[in-house]
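Values quoted throughout were computed directly from the atomic coordinates according to the rules given, and no laboratory measurement underlies them. Keep in mind it's a predicted model, so treat the numbers as computed, not measured. Glycine gets a Cβ as well: all are built from the backbone with ideal geometry, and neighbour counts include every protein chain shown.
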Amino acid sequence: MKTIHISYGGPDRQIKDATGKVWRFEMHPYSGPAVQDDSGELAEKQPGERSPFWTAVTLWAQQGAVIGPDGLCTWKPEPEPTLVHLGGRNYAIAGSGLAEKYGRTTQ
């Protein structure tokens, strides 16, 4: 007996990254997001690991995979952390142990 498993991806989605580029992709239930070409087929070349697509699609998924009224995946950028000067070229994130122990306030 032979078993054949066919797994289709999720519905086609579109997301706008932080630079304003709109990406078409599918969110596969097992493999995650995969960028598609203009005809809806998987793109031969997927974006590199530093592509703003990955930031956008990761935050979209973490924030509840909301689809806006315009049909685009809606996400919010993460706020920039507040830094505390430790001295020289060294900084720590406000509220961290390093910031509380060694931080300097400037006025």
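Amide H contacts for Gln36 (H built 1.01 Å from N in the peptide plane; partners 5 or more residues away or on another chain; cut-off under 5 Å): Arg24, Phe25, Glu26, Ala43.
Taking Cα atoms, how many degrees apart are the long axis of helix 52-62 and the longest axis of the chain, rounded to 10 and kept between 0 and 90? Tilt relative to the chain: about 90 degrees.
Only DSSP H runs of four or more residues enter the estimate; each adds -39500 (n - 2.57), and after division by the residues of the chain the mean residue ellipticity at 222 nm equals -4500 deg cm²/dmol. Across the chain, Cα-Cα pairs more than 24 Å apart make up 46 percent of the total. In order along segment 76-85, the phi-based Karplus estimate (6.51 cos²θ - 1.76 cosθ + 1.60, θ = phi - 60°) of 3J(HN,Hα) comes to 10, x, 6, x, 5, x, 7, 9, 10, 6 Hz; Gly and Pro are listed as x. Along segment 88-94 the Karplus relation, 6.51 cos²θ - 1.76 cosθ + 1.60 evaluated at θ = phi - 60°, assigns HN-Hα couplings of x, 9, 9, 9, 9, 6, 3 Hz to successive residues, with x for each Gly and Pro. Each residue, Tyr91 and Met1, gets one label point 7 Å from its Cα in the Cβ direction; the gap between the two is 6.2 nm.
Placing pseudo-labels 7 Å out from each Cα toward the beta carbon at Leu83 and Ser51 gives an inter-label distance of 2.9 nm.
Considering only His85, Met27, Ala65, and ranking their Cα positions along the charge dipole of segment 14-107 that arises from unit charges at the beta-carbon of Lys, Arg, Asp and Glu, the one farthest toward the positive end is His85.
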